[in-house]
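Below: the structure, in structure tokens.
The values are calculated or read from the model by the stated rules, or taken from the named source; none is laboratory data. Source: prediction; values computed, not measured. Heads up, the Cβs are rebuilt from the backbone with ideal geometry, glycines too, and the neighbour counts pull from every protein chain shown.
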């Protein structure tokens, strides 16, 4: 700005000098004509300055566009690499890998690299938007493609039709977009917490006792995973399980739980009265044939571990298992493992079918048993429990929180109970 003012002042001074000195060199020249020549020269100089300034700006803009195109092609190559790495990572996670900590860190470093490339793409598009605002109609097809991919870019010719749209639907669309954007941000935040927890080993195993009744003697432990964020706050399972499943990370978490349980079993088997561990597995892991096969191979060379391990699964997951997975269950059963049914939503169970699938335990919600007794009578509860007992399936009543609830349940003759009344989940090092 200052340079332009100085140049204009110089042009004005040159105009004044021209109008003053020109009549002296040209005798008889009208002073008004001399002033006109000076003003014309001033305008010509100003026009030349503006043209040169515009040409300089266009040259700088062209240089920026050239660099931008080069960056675009470079990032396109990186993005292609990132997509290949992401596909290989997801395939590895779906197959139950990685197994060891070093491979886990390498896999998540690849995922982080993908995130960085995507961030670079986002930055590149924002630069395109800024440059395109100065050059509204780029002839370059690469820039045009980037603008077309930018969700925030306004298409050419848009305006009149949009203004005619009803104001209410426009507001509704904006609210929907804000809601989707907020949900995506929340899921991205949780996914980052999961990534960091896996990388920084902030996933711990906690154990909750299962007791025999009415003696309340600890007979089993159920193992859970508990995740903490970077501020050492516990992340509720219902907050991260769904996100981890959609991202293909739940199998890695289950792998960690299983092998931590194996470590606990090795330690606990040295005691005079070892206990069994219930290990909760997700449907994704249960359908992972390679994981089950690898673990069966591991137990084959460590045969004494299976007798203290109980795999626990939801009723919905057991009903949907393929035949090949059930074959792996047969193999694990021969190696000493047992199975437990959890999250029972349909209480009309088939004990014989469960026994054929080597289900040794069924967990029933305390409230569900009380409700069944209130609706159909206590005989219905006795029939359910008696059918399971005849097939050598033990019933564990969970979520027992008070002495009053326990007294009501003991009338049904239950043998095992679980809940905060008998002990809350504690870190494995303390509980074991």
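Observations
- Residues in segment 286-310 that are closer than 23 Å to residue 362 by Cα and touching a strand residue (DSSP E or B) at 6+ places or on another chain (Cβ under 9 Å): 286, 306, 307, 308, 309, 310.
- Residue pairs whose Cβ atoms lie under 6 Å apart, sitting 6 or more positions apart in sequence or on different chains, and linking a residue in segment 379-394 that is more than 18 Å from residue 342 (Cα to Cα) to a partner that is in a helix (DSSP H, G or I), are 380/372.
- Hits in segment 407-432 (condition: farther than 30 Å from residue 264 by Cα and either at pLDDT 95 or above or in a helix (DSSP H, G or I) (or both)): 407, 408, 409, 410
- Candidates 309, 249 - the one that is assigned by TED's automatic domain parsing to the domain that holds residue 346, crowded, with 16+ Cβ neighbours inside 10 Å, within 19 Å of residue 205 (Cβ to Cβ) and at pLDDT below 85: 249
- Filter result (without any contact (Cβ under 8 Å) to a residue 60 or more places away in the chain, assigned to a helix (DSSP H, G or I) and either in contact with a helix residue (DSSP H, G or I) (Cβ under 9 Å, 6 or more places away or on another chain) or surrounded by 15 or more Cβ atoms within 10 Å (Cβ to Cβ) (or both)) within segment 264-283: 265, 283
- For the condition assigned to a loop (DSSP other than H, G, I, E, B) and in contact with a strand residue (DSSP E or B) (Cβ under 7 Å, 6 or more places away or on another chain), residue 400 qualifies.
- Every residue from segment 312-323 that is surrounded by 16 or more Cβ atoms within 10 Å (Cβ to Cβ) and over 21 Å from residue 395 (Cβ atoms): 321
- Condition check for residue 354: modelled with pLDDT of 90 or more, surrounded by 16 or more Cβ atoms within 10 Å (Cβ to Cβ) and farther than 21 Å from residue 263 by Cβ: yes
- Subset of segment 350-363 that is in contact (Cβ under 8 Å) with a residue 12 or more places away in the chain and outside any helix (DSSP H, G or I) - its residue that is nearest to residue 319 (Cα to Cα): 357
- Filter pass, residue 230 being surrounded by fewer than 14 Cβ atoms within 10 Å (Cβ to Cβ), in the same structural domain as residue 308 (by TED's automatic domain parsing), within 19 Å of the chain's Cα centre (by Cα) and touching a residue at least 24 places away in the same chain (Cβ under 8 Å): yes
- Count of segment 324-349 residues, restricted to those that are part of a helix (DSSP H, G or I) and exposed (fewer than 15 other Cβ atoms within 10 Å of the Cβ), is 5.
- Residues of segment 308-315 include at least one that is touching a helix residue (DSSP H, G or I) at 6+ places or on another chain (Cβ under 9 Å), assigned to a helix (DSSP H, G or I), within 17 Å of residue 279 (Cα to Cα) and in contact (Cβ under 8 Å) with a residue 12 or more places away in the chain.
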